[in-house]
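Heads up, the thing below is written out as structure tokens.
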Amino acid sequence: MYLERIRQPGDLRTLDHEQLGDLAGEIREFIVAAVSEVGGHLGSNLGAVELTLALHRVFESPKDAILWDTGHQAYVHKIVTGRQAQFETLRQAGGLSGYPSREESEHDLIENSHASTVLSYADGIAAARDLGTNDRRHVVAVIGDGAMTGGMAYEALNNMGHHRRGVIVILNDNGRSYAPTISNLSANSQGIDEQENHPSIDRPTITDRVTGKLSHALTDIRQNPVYVRRQRRIEEFLHGLPVVGNQAGSAMDAFKAGVREFLQPPSFFEALGARYIGPFDGHNVAEMEEALHNAIELSNEGPIVVHVLTQKGRGYSPAEDDDEKNLHDAPVFDVAVGPPKAVSTGYTQAFSDAIVKEAEADPRLVAITAAMPGPTGLIPFQERFPDRFFDVGIAEQHAVTSAAGMAMGGLRPVVAIYSTFLNRAWDQVVYDVAMHRLPVIFCLDRAGVTGPDGASHHGVYDMALMSKVPGMRVLVPSSAQELHQMLHDATTLADEGPVVIRYARGAARQVTEHEVGEGILGRKVLTADDPADAVCVIAIGKMLETAEQAAAAISADGGPAVTVWDARCCAPLDPAMIADAAAHRAVVTIEDGIRDGGIGMAIATEVCEIDGSVPVTPLGLPTRFHPHDPKANNIHARYGLDVDGLVTAIRNA
């Protein structure tokens, strides 16, 4: 077992390439076994094994900075940097993070799990190195799993090229993000014809196959440092010729550009100032090592993009055969048979059913997602209405402003996105959608505490932020049936401007039609006989169930009388609900979002305007980064957002 010998990256250099092949197989078996026990990101890591081995054999981490984007493809990196024994605690409370973590290892420089950021990090680290305040020798940015579809990556690459920053960019191209990557670059490089089933499209000709071989040969030449040095000398000679120097140099540049354009479509990287070489076989360690050594020398002249092709889910047949996501992520499963087919559940399933129903009734309705049709529940919509479905790749800013344009054109767009990822498009929500009062509906999945993915994935800011946007209506369902009703109502509410519906990860309560509200009104769930001697609890979204259980516990124990409201709409707040709350002895609010600036504080302000003597206790999450824990209830309990905590707050009030 070669894996047992690997305790640090330097141990990899003692193995020959045949032994490395055996090691790669052992690592894949280890990852499959580890993820099967605790769940986690599987497909991306199975595809990055040989790439990671080559990187750690050529570069010396942490002296050389190796950065990962997205961070969920760094499991192999963790294994070879001494964390193999900790994988039994992967994504468990107090255990190994599913992403790079600065607290875990000196080999992890950035804690990124949001895509398309790594090139900006790399540009900054390289700038610090060049100015002498950072002793990193080489800066290597691995960007993959569709992260190159995000606009921020191109902004960084453009700046690196302009400043001739010596950064080595590894484009780990597996043709996918969560689902197949929305990118012409990826499709062309992977040999995918996006219109391959179109009857008018011919198959590759002999000329196409010849130019493919020429392109590969040209790559071999252009990554050779000797060729690069000679090319520079020729260019200097031509430009130095008397009288005709400039013309001769320009002619050579034009010729080279023409060859690149003809043989290498991805050469647009070079228009941004980055040298491009590849694509290379990302599962051939020897080939990648040679490319990386050459890239080191070539990076003296500025950024270089090393394009490698990998197979997501490689080496585990259930992952290779998963057409939707190559087992991008997986719950606990039996290794022998693989995870069950992913299906939407809870609030996600409720949204999936509701949007198809609404689209059948309203031909204006379209759906937009940012590379996550499966996790947001949009696959049934995509199958039913393919022409009305838009996956824009990992490009949340574009998704929102594109929705604004669609709304201007008469459509009724629904942007389905994770709560935490909408943060990346805040400017677009405020100024491209809300300021124009456009009929865009935002459906935010994974809102609130999400569990095992940790600080970057908890969707705890959306209510506080979105409730401050002028004209925005913020709806929060407490059951599957409420979500259906809210999406239906939103299609009409959007006539006056944008609407947000935010809902939690996991199970959704099932209720009767008599337990569903309407529009932007709150719903009184439980009424105390004498409000003046009772506590009013206003619950938001999934916290309604906690409020009902707390009220029942207090009633059984002979405690104070309790009124319970389901807020339903957090912006604007229902005036009738606020007036009723102000008539009580005290008010307690509970929400699965940040307390500071949250909905509870907005309720406190409005109650105070009616009767400043009524105390209001807002319960919510503190403003801090919350660690991963597979049981979201543990995090809620830590901050008094469970039944016991709410009972205590009611008694104290």
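The values are calculated or read from the model by the stated rules, or taken from the named source; none is laboratory data. Treat the numbers as computed from the prediction; the structure is a model and nothing was measured. Note that we place each Cβ from the backbone using ideal geometry, even for glycine, and neighbour counts take in every protein chain shown. Note: accessible area is taken over every heavy atom of the protein model, side chains too, but ligands, DNA and RNA are not part of it. Shrake-Rupley method; radii C 1.70, N 1.55, O 1.52, S 1.80 Å.
With buried (at least 19 other Cβ atoms within 10 Å of the Cβ), in contact with a Pro (Cβ under 9 Å, 6 or more places away or on another chain) and acidic (Asp, Glu) as the only criterion, which of ASP145, ASP173 stands out? Result: ASP173 is the single residue among ASP145, ASP173 that is buried (at least 19 other Cβ atoms within 10 Å of the Cβ), in contact with a Pro (Cβ under 9 Å, 6 or more places away or on another chain) and acidic (Asp, Glu).
The C-beta contact set for region 398-415 (first residue under 13 Å from ALA494 (Cα atoms), second residue among the charged types (D, E, K, R) and open to solvent by 10 Å² or more (accessible area, probe 1.4 Å), distance under 8 angstrom, 6+ apart or interchain) comprises ALA404/ASP432; GLY410/ARG364; LEU411/ARG364; ARG412/ASP362; ARG412/ARG364. Restricting to region 534-572, and then to whatever is open to solvent by 40 Å² or more (accessible area, probe 1.4 Å) and outside any loop (DSSP other than H, G, I, E, B), can you tell me which residue is farthest from ALA507 (Cα to Cα)? Of everything passing the filter in region 534-572, ALA561 is farthest from ALA507 (Cα to Cα). On inspection, ILE635 does not qualify as touching a helix residue (DSSP H, G or I) at 6+ places or on another chain (Cβ under 9 Å), assigned to a helix (DSSP H, G or I), open to solvent by less than 10 Å² (accessible area, probe 1.4 Å) and not hydroxyl-bearing (Ser, Thr, Tyr). Looking across HIS307, HIS293, HIS283, one residue alone is modelled with pLDDT of 90 or more, within 18 Å of VAL58 (Cα to Cα) and part of a loop (DSSP other than H, G, I, E, B). It is HIS283.
Among residues of region 610-631 that are farther than 14 Å from ILE578 by Cα and among the aliphatic types (A, V, I, L, M), those with a beta-carbon under 8 Å from a residue that is in a loop (DSSP other than H, G, I, E, B) and open to solvent by 60 Å² or more (accessible area, probe 1.4 Å) at least six positions away or on a different chain give the pairs LEU619/ARG595; LEU621/ARG595. Taken over region 1-28, the criterion of being of a type in the set (A, V, I, L, M, F, W, C) and either closer than 24 Å to PRO318 by Cβ or part of a helix (DSSP H, G or I) (or both) is satisfied by MET1, LEU3, LEU12, LEU20, LEU23, ALA24, ILE27.
Checked against the criterion of being open to solvent by less than 10 Å² (accessible area, probe 1.4 Å), touching a strand residue (DSSP E or B) at 6+ places or on another chain (Cβ under 7 Å) and closer than 24 Å to HIS628 by Cα, region 463-473 has at least one qualifying residue. Of the residues contained in region 332-345, none is found to be open to solvent by 50 Å² or more (accessible area, probe 1.4 Å) and under 29 Å from ILE125 (Cα atoms).
Being under 22 Å from GLY620 (Cα atoms) and over 25 Å from the mean Cα position of the chain (by Cα) is a property that does not hold for SER456.
Based on this model, can you work out whether LEU96 counts as at pLDDT 95 or above and out of contact with any His (no Cβ under 7 Å at 6 or more places or on another chain)? Here the answer is no, as LEU96 does not meet what is asked. Of the residues GLY278, GLY302, the single one that is open to solvent by less than 20 Å² (accessible area, probe 1.4 Å), modelled with pLDDT of 90 or more, more than 26 Å from the chain's Cα centre (by Cα) and at positive phi is GLY302.
Of note, GLY39 does not satisfy the criterion of being farther than 24 Å from GLU320 by Cα, modelled with pLDDT under 95 and surrounded by fewer than 22 Cβ atoms within 10 Å (Cβ to Cβ). One residue alone among ASP642, ASP611, ASP629 is surrounded by fewer than 14 Cβ atoms within 10 Å (Cβ to Cβ) and in contact with a helix residue (DSSP H, G or I) (Cβ under 6 Å, 6 or more places away or on another chain), and that residue is ASP611.
Flag: ASP334 does not match the condition of being free of Cβ contacts under 8 Å to residues at least 24 places away in the same chain, charged (D, E, K, R) and assigned to a loop (DSSP other than H, G, I, E, B). Restricting attention to region 482-515, and to residues there that are closer than 15 Å to LYS357 by Cα and of a type in the set (D, E, K, R), which single residue is least open to solvent (accessible area, probe 1.4 Å)? Selected residue: GLU482.
Within region 425-456, the set of residues being more than 30 Å from GLY95 (Cβ to Cβ) and touching a Gly at 6+ places or on another chain (Cβ under 6 Å) comprises ALA434, ARG437.
In region 381-398 there is no residue matching the filter, namely being open to solvent by less than 20 Å² (accessible area, probe 1.4 Å), at pLDDT 95 or above, polar (S, T, N, Q) and under 29 Å from GLN73 (Cα atoms).
Pairs meeting the criteria (first residue in region 81-105 and without any contact (Cβ under 8 Å) to a residue 12 or more places away in the chain, second residue among the charged types (D, E, K, R), beta carbons under 6 Å, at least 6 apart or on different chains) are SER101/ASP108; SER101/GLU111; ARG102/ASP108; ARG102/GLU111. How many residues does region 432-450 hold that are surrounded by fewer than 24 Cβ atoms within 10 Å (Cβ to Cβ) and basic (Lys, Arg)? So the count comes out to 1.
Matching residues to (1) in a helix (DSSP H, G or I); (2) hydroxyl-bearing (Ser, Thr, Tyr); (3) within 20 Å of the chain's Cα centre (by Cα):
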{"residue": "ALA342", "(1), (2), (3)": "no, no, yes"}
{"residue": "THR348", "(1), (2), (3)": "yes, yes, yes"}
{"residue": "GLU360", "(1), (2), (3)": "yes, no, no"}
{"residue": "ALA371", "(1), (2), (3)": "no, no, yes"}
{"residue": "GLU383", "(1), (2), (3)": "yes, no, no"}
{"residue": "ASP387", "(1), (2), (3)": "yes, no, no"}
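Do we have THR605 as assigned to a loop (DSSP other than H, G, I, E, B) and loosely packed, with under 15 Cβ neighbours inside 10 Å here? Taking the combined requirement at face value, the residue does not satisfy it. Of all residues in region 415-434, those that are more than 24 Å from SER479 (Cα to Cα) and either charged (D, E, K, R) or in contact with a Pro (Cβ under 8 Å, 6 or more places away or on another chain) (or both) total 6.
Contact annotation: residue pairs with Cβ atoms under 6 Å, 6 or more positions apart or on different chains, pairing a residue in region 117-141 that is closer than 15 Å to ASP69 by Cα with a partner that is in a helix (DSSP H, G or I) and of a type outside the set (A, V, I, L, M), are ASP123/ASN159.
Close contacts from region 436-450, counting a first residue that is within 24 Å of ASP495 (Cβ to Cβ) and a second that is basic (Lys, Arg), with Cβ to Cβ under 7 Å and a gap of 6+ residues or different chains, come to PRO439/ARG412; LEU444/ARG502. The residue that is least open to solvent (accessible area, probe 1.4 Å), counting only those in region 80-129 that are in a loop (DSSP other than H, G, I, E, B), under 28 Å from THR14 (Cβ atoms) and charged (D, E, K, R), is ASP108.
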